[in-house]
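Below is one structure; the comments refer to it alone.
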Amino acid sequence: MGRLAEVVGERVRRDEPLAPYTSMRVGGPADLLAVCRTAEEVAETVRLAGDYGVPYLVLGSGCNVLVADAGVRGLVILNQADRAWVEPDGEVRAETGKLMAGLARETVAQGLAGLEWAAGLPGTVGGAVVGNAGAFGGDVGSVLRTVTLLERDGVVVERPGTWMEFVYRSSRIKRQPPSERPVLLAATFQLRPGDREALEARMAEIVHWRRTRHPSGATMGSTFKNSPDAHAGRLIEGVGLKGYRIGGVKVSEKHANFFINTGDGTAADVLALIRHVQAEVELRLGVRLEPEIELVGDWAMEAG
Ligand SMILES: Cc1cc2nc3c(=O)[nH]c(=O)nc-3n(C[C@H](O)[C@H](O)[C@H](O)COP(=O)(O)OP(=O)(O)OC[C@H]3O[C@@H](n4cnc5c(N)ncnc54)[C@H](O)[C@@H]3O)c2cc1C
């Protein structure tokens, strides 16, 4: 705790509930939470955890994770490192705690095309790169040029974007076991000159689309991946589960792939709903839905 306080000052907390740091608003406490405001703070905190043999988990906006009710053992590093630069050749470098939607807005304001699809996308650059986030015909994999990684041995390396081996909503890092994953410190994107007004109009359309089609409230967005032949939401709707509820969590009536925490939902409710929906869709339509969201933390009790 003492050495951690030297790195992040008062931004270290013990037994900190994680629900407020997630978009689903569920999840128990982290043994320790460190809020990092620069990539250097992230790197030093990770190295410190390594020195003491403390397991750690990096969180961005917590939009794509389901944190266990029992919380997370060890250290959670909340990445709020959000500096970004535009180089003269149009390459954009961002620390990975930068919000994707903010980066899209700022680059478009400078007449740069390539990130407008991320208008209104919740989450950080780090989360977007790990999950190969995408929408409206764009995705991270198409514009990512390089990543700066902190490897498990404490060494910082720069890799080309192709190293991430992106597939639909996944990457090389997401496929690794959590205990072996490197930490993303920064990413560069190759953008191109565009018509600022046209790009801004496109972003406004996208934001409007999100506001009208997506349910509001506490959610992780798409719970399951879409399959090449069918949207997960349509399959769930097809088996009559719109509005289906377990505890304080329900399938949205507006978009069946979105689960909503109605206020007193727990992570166990979410997991039970995931399993119920998977079982019904598989039984009745023969399709196995694969979660897009990731379970993190101490699930030993609940998942057993
Ligand atoms: C309303 C809503 C709408 C959404 N719409 C879309 C959409 O249209 N398209 C889409 O693709 N997604 C969508 N999502 C999902 C979400 O926006 C993305 O998955 C987002 O990229 C997650 O970013 P995050 O910062 O919240 O990641 P987190 O949930 O904090 O983390 C996700 C994973 O990445 C890891 N991670 C995060 N940062 C780092 C780092 N710096 N280094 C190493 N690992 C890291 C975490 O450990 C975790 O494993 C939506 C979500 C919501 C709530």
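Bear in mind these aren't lab numbers, they're just calculated from the coordinates by the rules spelled out. Source: prediction; values computed, not measured. Ideal geometry is used to build each Cβ from the backbone, glycine not excepted, and the neighbour counts take in all protein chains shown.
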Charge dipole of the stretch 74-220 about the Cα centre (unit charges at C-beta), most positive-ward option of 171, 188, 80
171
With helices defined as uninterrupted DSSP H runs, which ones in the chain have an alpha carbon span along their own long axis of at least 15 Å and mean Kyte-Doolittle hydropathy of at least 0.5?
267-285
Going fewest to most other Cβ atoms within 10 Å around each Cβ, 37, 159 line up as 159, 37
For all pairs of alpha-carbon atoms in the stretch 2-79, what percent lies in each bin of width 5 Å, listed from the first bin to the last filled one?
3, 17, 30, 25, 16, 8, 1
Charge-dipole axis of the chain as Lys and Arg at +1 and Asp and Glu at -1 on Cβ define it, positive-most pick from 265, 128, 22:
265
Just the number, please: percent antiparallel of the DSSP beta bridges in the chain, rounded to the nearest 5.
75 percent
Given labels modelled 7 Å from the Cα in the Cβ direction, how far is it in nm from residue 282 to residue 190?
4.1 nm
Placing +1 at every Lys and Arg Cβ and -1 at every Asp and Glu Cβ, with all other atoms neutral, what dipole size does the stretch 147-272 have around its Cα centre, in debye to the nearest 20?
240 debye
Under a Cβ-only charge scheme (Lys and Arg +1, Asp and Glu -1), can you give me the dipole magnitude of the chain about the Cα centre, in debye to the nearest 20?
640 debye
Cα extents of the chain along the principal axes, largest first, in whole Å, come to 52, 50, 30
Total charge dipole magnitude, the stretch 84-213, about the Cα centre, Cβ charges on Lys, Arg, Asp, Glu only, Debye to nearest 20:
520 debye
Could you list 165, 180, 237 in order of exposure, starting from the residue whose Cβ has the fewest other Cβ atoms within 10 Å?
180, 165, 237
If we count other beta carbons within 10 Å of each Cβ, what is the order of 106, 290, fewest first?
290, 106
Using the Cα gyration tensor of the stretch 232-303, with a ≥ b ≥ c the square roots of its eigenvalues, what is the shape: rounded (a/c below 1.5), prolate (a/b larger than b/c) or oblate (neither)?
oblate
Potential extension, residue 14-residue 86 segment - 0.36 nm per residue separation minus Cα distance
22.2 nm
Efficiency of FRET between residue 6 and residue 179 - r from beta-carbon atoms, R0 30 angstrom, step 0.05:
0.70
For the stretch 84-213, what size does the Cα cloud have along each of its three principal axes, sorted from largest down, in whole Å?
46, 36, 21
Among DSSP beta bridges whose residues both lie in the stretch 2-79, state the antiparallel percentage, nearest 5.
35 percent
Please give, to one decimal in nm, the separation of the simple spin-label points placed at residue 159 and residue 230, each 7 Å out from Cα toward the Cβ.
3.5 nm
Residue 168 versus residue 145: modelled label distance in nm, points set 7 Å from Cα along the beta carbon direction
3.0 nm
Cα to Cα, under 23 Å, and not fewer than 8 places away if on the same chain: which lysines meet these conditions relative to residue 98?
174
What are the trypsin sites (Lys or Arg not before Pro) within the stretch 229-304 that DSSP puts in a loop, where the Cβ has at most 12 other Cβ atoms within 10 Å?
288
Could you tell me the center-to-center distance, by alpha carbons, between the stretch 186-209 and the stretch 1-79 in angstrom?
32 Å
